[in-house]
Amino acid sequence: MSGITGVTNDTYVRLLIRSMRLQQWTKNVFVLSPLLFSLHLFDGHILLRSLAGFFLFSFLASAIYILNDIVDAKVDRSHPVKRQRPIASGALPVSLAVFAVALIVPITLGLAALIHLDFALILIGYFVLNVVYSYALKKAVIIDVMTIAASFVLRIVAGAVIIDVPISEWLLICTSLLALFLGFSKRRHEITVLEADAHIHRPVLLEYSTYFLDQMISLVTASTLICYILYTVDAETVDKFGSNALLYTTPFVLYGLFRYYYLVHQRNTGGDPTSEFLSDVPLLIDVFLYAITVIGILYLR
């Protein structure tokens, strides 16, 4: 591959790794959430299975990112940021990107099947959903964001299935609402940044407006908070954890939602939830304190 172009194999490997978007793996922490709330966080065997699920889900998600870049390469070339991506810029040959997807997907699914067949089936469902999204669903107003939310729900389901624990309906509802919040915020950021050219980069943006998206964001923000509070005081939750102390984590959830809302409206960010989480110190501290508090409430009883 180094031949005429003078590009080395090492360079192609680095470009492939960039296309895998390893920084986006933080989204797959949702796969670990059933482990936390199952009260098995410090069970070595179950912890290893959950971590295996996290990495397998992450590799499959990376294959989907590469596939998306292949599908969107032409449009991405006119985007102020996405045109720098390896495939859109032409630095990474499409043939090599296709080969990488064809290699990652079967290996990941095969390893998943060896660990837990139902987990592998969920991964297949996640892959199919995202392929359909890349070719069709991303063009359907509202459905595009709901598909993103469904992908997060599948992360929760996968995390529960691989360690054989019951799936909390509250956890699924809260996750789907939070994902809708992030998804609508992302659409708002795209409209704000790209302005009149927004629909060229993502045709479905022609169907959105900042006013409409602000209404949707406000709706799911309130719904997420209310749902979480109801979860913490639900009789089943109190019975499982022997306390209603989770209610006292609500300020962290409230601040996290408000902080992100602030970033979207005052800083005109929100286009990449992962980047916001990793770069915004107050938000990062809030999530850390929430996690530590939850661990303390659930495990130091």
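Read-outs throughout are calculated quantities, based only on the coordinates presented, and are distinct from any laboratory measurement. All values derive from a computational prediction rather than experimental measurement. Note that we place each Cβ from the backbone using ideal geometry, even for glycine, and neighbour counts take in every protein chain shown.
Entry note, segment 50-120: relative contact order of 33 percent, from Cα contacts under 8 Å with a spacing of 6+ residues. Across segment 212-291, Cα pairs under 8 Å and at least six residues apart give a relative contact order of 24 percent.
The ranking of Arg301, Arg188 by Cβ neighbour count inside 10 Å, starting from the fewest, reads Arg301, Arg188.
Based on Cα contacts under 8 Å between residues 6+ apart, the chain shows a relative contact order of 17 percent. Rounded if a/c is under 1.5, else prolate if a/b beats b/c, else oblate: with a ≥ b ≥ c from the C-alpha gyration tensor eigenvalues square-rooted, which is segment 168-301? Verdict is prolate for segment 168-301. Against the chain, whose longest principal axis is taken from its Cα atoms, helix 44-76 shows a tilt of about 40°.
The residue among Thr250, Val13, His40 whose Cα reaches farthest toward the positive pole of the charge dipole of the chain, with charges on the beta-carbon of Lys, Arg, Asp and Glu, is Val13.
Solvent-free Debye calculation, one equal scatterer per alpha-carbon of segment 1-152: log10 I(q)/I(0) at 0.13, 0.16 Å⁻¹ equals -0.68, -0.96. Seen from Val145, the other residues with C-beta closer than 13 Å to its C-beta sum to a net charge of +3, counting Lys and Arg as +1 and Asp and Glu as -1. Here the dipole of segment 168-301 is about 180 debye; that uses its Cα centre as origin and unit charges on the Cβ of Lys and Arg (positive) and Asp and Glu (negative).
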